[in-house]
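I have placed the structure first, in the form of structure tokens, so that the comments after it can refer back to it.
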């Protein structure tokens with residue numbers, strides 16, 4: 001009976017530690033994910049100037065507001081409605097987020113954002129993804145097609 005009690009205590013402790021780790025990871029990335037959400041909502045609702053202002057100065061130095069608007073359209077972020085982050089990490093004042101965003105037509109497109117913390121605010125340092133024409137039409141969740149091309153025989157019969 002004692003061993004059962006001990007097992008319950010150990011399992012409960014492990015569960016508590018795992019829950020605490022998940023909570024801390026979520027808390028550490030929440031500022032960056034919130035800033036990314038605000039940025040994406042502005043882009044999706046056509047507020048390009050507001051989205052442009054959410055960029056880090058070094059990103060703004062690389063492209064004008066008009067070029068940024070074209071980039072938003074090219075990536076499909078002008079059709080943004082929701083995001084699902086599959087990977088989030090924060091290292092000091094830098095956050096890397098990657099996942100998929102959903103468009104108003106239900107398309108799921110890949111997206112990666114890097115943010116930096118400047119003067120207490122998260123700013124977008126870079127963004128990347130693929131346009132609908134660049135991504136495989138099968139969609140991101142399907143496995144690649146099987147290669148059905150004929151393969152050479154690895155052990156061809158040799159006349160001895």
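The values are calculated or read from the model by the stated rules, or taken from the named source; none is laboratory data. Note that the coordinates shown come from a computational prediction; the quantities given were computed from them, not determined experimentally. For neighbour counting, all protein chains shown are included, and Cβ atoms are generated from backbone atoms with ideal geometry for every residue, glycine included.
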Fill in: Matching residues in the range 1-43 - criterion: being farther than 19 Å from residue 67 by Cβ, modelled with pLDDT of 60 or more and surrounded by 11 or more Cβ atoms within 10 Å (Cβ to Cβ)
30, 31, 32, 33, 34, 35, 36, 37, 38, 41
Worksheet item: Here is a list of conditions, (1) loosely packed, with under 11 Cβ neighbours inside 10 Å; (2) in a strand (DSSP E or B); (3) at pLDDT below 90, and residue 147 meets all of them except one; can you say which number that is?
Response: (2)
